[in-house]
Amino acid sequence: EAQVTQNPRYLITVTGKKLTVTCSQNMNHEYMSWYRQDPGLGLRQIYYSMNVEVTDKGDVPEGYKVSRKEKRNFPLILESPSPNQTSLYFCASSLTTGGTEAFFGQGTRLTVV
Amino acid sequence: SQQGEEDPQALSIQEGENATMNCSYKTSINNLQWYRQNSGRGLVHLILIRSNEREKHSGRLRVTLDTSKKSSSLLITASRAADTASYFCATRNQGAQKLVFGQGTRLTINP
């Protein structure tokens, strides 16, 4: 089954404790991206990757890092989480950059206290 | 930056009625896509319409695109309770490397 898998689904952490949210897709897609969704602000892109070892900043990259060492994986790293990073996070992948449909993971609800 | 702006922000109708949602955008696009999101879950792709297309159908969904007005509409006919969700338009701008999402329309279908 074609899917994007994120883990964990829910996470509560403390300020400053490094964390990683994993994302994996099984469709051999080139393009992957991370979004955060906040009430009243919609979905905002954090980072994206056009292929292995190619990543770039989205609209709200501050406080986040990503890596793309393999085509299927695109982890999101919060080196020092802060409460303003409390949000619902989505990973998405598509065959190409925006020209085709995007497949979304089920989301990670992160709370930073 | 937000490109697509959906209208209305919320819509509540009776089961069996048709639901129409609108999306406006600001710059030239390659395509426009509509997605559905059930509460707190991932977005699901519904339909993609290219800039050279004016109308597209998929089951009970009908999407129109008017590039001169920079607007699109999503029509859901014969609505069902299971259609209750948030609906987002997303645009792929010319020369851009990403999809830009609007803030969505929250649709509630009352039984």
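A few comments on the model shown:
- By DSSP, the beta bridges lying fully in chain A are antiparallel in about 90 percent of cases.
- Once exposed loop trypsin sites (Lys or Arg not before Pro) are cut out (DSSP; at most 13 other Cβ, 10 Å), longest piece of chain A: A:19-68
- Mean separation of Cα contacts under 8 Å (6+ apart) over length of chain B, as relative contact order %: 39 percent
- Zone of A:Glu30's modelled label, taken as backbone nitrogen in the stretch A:72-113 under 17 Å from a point 7 Å along Cα→Cβ: A:72-73, A:93-103
- Bins of 5 Å, starting at 0 and running to the largest distance - Cα pair percent for the protein assembly as shown: 1, 7, 15, 19, 19, 16, 12, 7, 3, 1, 0
- A DSSP coil position with no more than 14 other Cβ atoms inside 10 Å describes the following GluC sites (Glu not before Pro) in the stretch A:21-113: A:Glu53, A:Glu62, A:Glu70, A:Glu79.
- At a probe radius of 1.4 angstrom, the accessible area of the protein assembly as shown per residue rounds to 46 square angstrom.
- Chymotrypsin sites (Phe, Trp or Tyr not before Pro) within the stretch A:50-112: DSSP coil, no more than 16 neighbouring Cβ in 10 Å: none
- Label-point separation in nm, A:Leu95 to A:Glu1, each point 7 Å along Cα→Cβ: 2.2 nm
- With the simple spin-label model, which puts each label point 7 Å out from Cα in the Cβ direction, the B:Thr67 to A:Asn84 separation comes to 3.9 nm.
- Given 12 as the ceiling on other Cβ atoms within 10 Å, longest exposed-site-free region of chain B for trypsin sites (Lys or Arg not before Pro) in DSSP loops: B:1-53
- Per-residue shielding of A:90-97, expressed as the average number of other chain Cβ atoms within 10 Å of the residue Cβ, stands at 3.
- Dividing the radius of gyration of the alpha carbons in chain A by their Kirkwood radius gives 0.94 for Rg/Rh.
- The B-A contact accounts for approximately 1800 Å² of buried accessible area, totalled over both chains at a 1.4 Å probe radius.
- Percent carbon-and-sulfur accessible area, the protein assembly as shown, ignoring ligands, DNA and RNA, probe 1.4 Å: 48 percent
- Proximal lysines to A:Lys71, defined as alpha-carbon separation beneath 30 angstrom and excluding residues fewer than eight positions away on the same chain: A:Lys17, A:Lys18, A:Lys57, B:Lys98
- Rounded FRET efficiency, nearest 0.05, which uses the C-beta distance separating A:Lys71 from B:Leu75 and R0 of 35 Å: 0.40
- Distance between the stretch B:55-111 and the stretch A:1-79 - C-alpha centres, whole angstrom: 25 Å
- For a label point 7 Å along the Cα-to-beta-carbon line of B:Ser51, residues of the stretch B:9-45 with backbone N under 19 Å: B:23-34
- Dividing the mean sequence gap of close Cα pairs (under 8 Å, 6+ apart) by how many residues the stretch A:6-113 holds gives a relative contact order of 36 percent.
- Taking label positions 7 Å along the Cα-Cβ direction at both A:Lys17 and B:Asn18, the computed distance is 5.4 nm, reported to one decimal.
The values are calculated or read from the model by the stated rules, or taken from the named source; none is laboratory data. As the structure is a computational prediction, the values presented were derived from the model and not from experiment. Note that we place each Cβ from the backbone using ideal geometry, even for glycine, and neighbour counts take in every protein chain shown. With ligands, DNA and RNA removed, areas are computed over all heavy atoms of the protein, side chains included. Shrake-Rupley method; radii C 1.70, N 1.55, O 1.52, S 1.80 Å.
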